[in-house]
Amino acid sequence: MIRLKSIQEINKIETASKIVAELLERIEGMICKDLPTYELEKFAVDFIETKKALPACKGYNGFPYALCISVNDTVIHGFPSKKEILKEGDLVSVDCVVNKDGFFGDSTKTFVVGDFLTEIDKVLFMKTKESLYNAIEIAIEGNHIGDLGNIVSKTVIPSGLSVIKEYSGHGVGLKMHEDPSIPNYGRKNTGPVIRCGMTLAIEPMVVEGSPDIYVEEDGWTVKTVDQRRAAHFEHTVVIEKNGPRILTAI
Ligand code: MF3
Ligand code: CO
C-alpha cells in the first residue's frame, strides 16, 4: 500500500531530509586521502545526535552503523572501518537515513577522493548522478514508477555501465522502507501510477562492469564479482502539483 502524505507529514519528512543533506555536505568536506572511513561514521553519529535525531540504519535488521560507506567495488551497505583508509582516486558512496521525530529522510552521494583515476570512473560517476536527476525530473503525477527505472537504465547503459537489479529505491517517510519498490530498470507505463503526496527514495546503483554481485560474510557488504567499481546516488523526493521537489537538498 502506497501511503500519500499530508502537508504536515511532508514538512516533518523535509526536516529529517535536511539533516541528511547537511550531513552529506559536511562529509563531502571531510573526504580526503589517508582518512579512515570510520572517522566519517564518528562525525555522523555526533552530528545526528546534535540535531536530536536518530541514525535510522543503526540497528536496522542488525546493521551496526549510522552510515553505509561503500568504497570502489563495494556497491552498497559497506561498513565504516578504522582499517579502510581512503586513497587518491577512490570512489566512496556514503548512504545515510535519519529518523527525526519518527519521520525519515534518505540520501546517498558518491564522492571521489582527489581526482578520478580513470576515464571510466568519471563516466560512471557522471552518468549515475545524471540518471538520478533524469528520474527525478519525470517523477510527476500521472507518470508510472516503471518510467523511473526505464530512464535510469537508458541513461547509463549506452556508456557500457550496468544497473544493479537485486536492490531498488523505495517509498520513504513514515518508515525507512515503504511501498512502492522503485527498480532501476523497467518498462514505461508499468508499475504504480505516481501521485501527489508520494515521498520516494530514488536511488540508482550502477557499476562499470558486469552486474553480478555477492554479499560478504558479514551479511551486509555487497560487492561486484568482477571487482570493478560502483556508484550510488539517492534523494528523497516529494511529488507535488508543481512537480517533484528534492527534500534531501540543502
Ligand atoms: N539507504 C539505504 C536504503 O535505501 C539504507 C539501508 S542500509 C540498512 O535502503 F542498513 F539500514 F539496511
Ligand atoms: Co534508500
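Just so you know, all these numbers are worked out from the coordinates, no wet-lab data involved. Just so you know, these numbers come straight off a predicted model, no measurement behind them. All Cβ positions, even for glycine, are placed from backbone atoms using ideal geometry, and neighbour counts span all protein chains on display.
Values computed for the structure shown
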item	result
Within the stretch 68-90, tally of residues that are under 25 Å from GLY102 (Cβ atoms) and more than 9 Å from ligand 1 (Cβ to nearest atom)	0
Hits in the stretch 1-32 - residues which are within 15 Å of ILE69 (Cα to Cα) and not in a helix (DSSP H, G or I)	ILE31, CYS32
Single condition GLY59 does not satisfy, out of (1) under 16 Å from the mean Cα position of the chain (by Cα); (2) near ligand 1 (Cβ under 10 Å from one of its atoms)	(1)
Residue pairs meeting the criteria (Cβ under 9 Å; at least 6 apart or on separate chains; first among the basic types (Lys, Arg), in the stretch 65-89; second surrounded by 23 or more Cβ atoms within 10 Å (Cβ to Cβ) and not in a loop (DSSP other than H, G, I, E, B))	none
Some residue of the stretch 123-137 being within 18 Å of VAL20 (Cβ to Cβ), within 16 Å of ligand 1 (Cβ to nearest atom) and in contact (Cβ under 8 Å) with a residue 24 or more places away in the chain	yes
Evaluation of ASN134 against (1) surrounded by fewer than 21 Cβ atoms within 10 Å (Cβ to Cβ); (2) within 14 Å of ligand 2 (Cβ to nearest atom) (one fails), failing number	(2)
Contacts under 8 angstrom Cβ, first residue in the stretch 162-187 being more than 14 Å from ligand 2 (Cβ to nearest atom), partner outside any strand (DSSP E or B) and among the β-branched types (Val, Ile, Thr), 6 or more apart	SER162/VAL156; VAL163/VAL152; VAL163/VAL156; VAL163/ILE157; TYR185/VAL152; GLY186/ILE145
Criterion: among the small types (Gly, Ala, Ser) and within 19 Å of ASP73 (Cα to Cα) - qualifying residue of SER153, SER159, SER131, SER181	SER159
Residue check, THR108 among the β-branched types (Val, Ile, Thr) and under 29 Å from ARG245 (Cβ atoms)	yes
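Rundown of residues vs (1) of a type outside the set (D, E, K, R); (2) closer than 21 Å to ALA231 by Cα; (3) part of a loop (DSSP other than H, G, I, E, B); (4) out of contact with any helix residue (DSSP H, G or I) (no Cβ under 7 Å at 6 or more places or on another chain), yes/no style:
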| position | (1), (2), (3), (4) |
| --- | --- |
| LYS52 | no, no, yes, yes |
| GLY78 | yes, yes, yes, yes |
| LYS82 | no, no, yes, no |
| LYS87 | no, yes, yes, yes |
| VAL94 | yes, yes, no, no |
| ASP115 | no, yes, yes, yes |
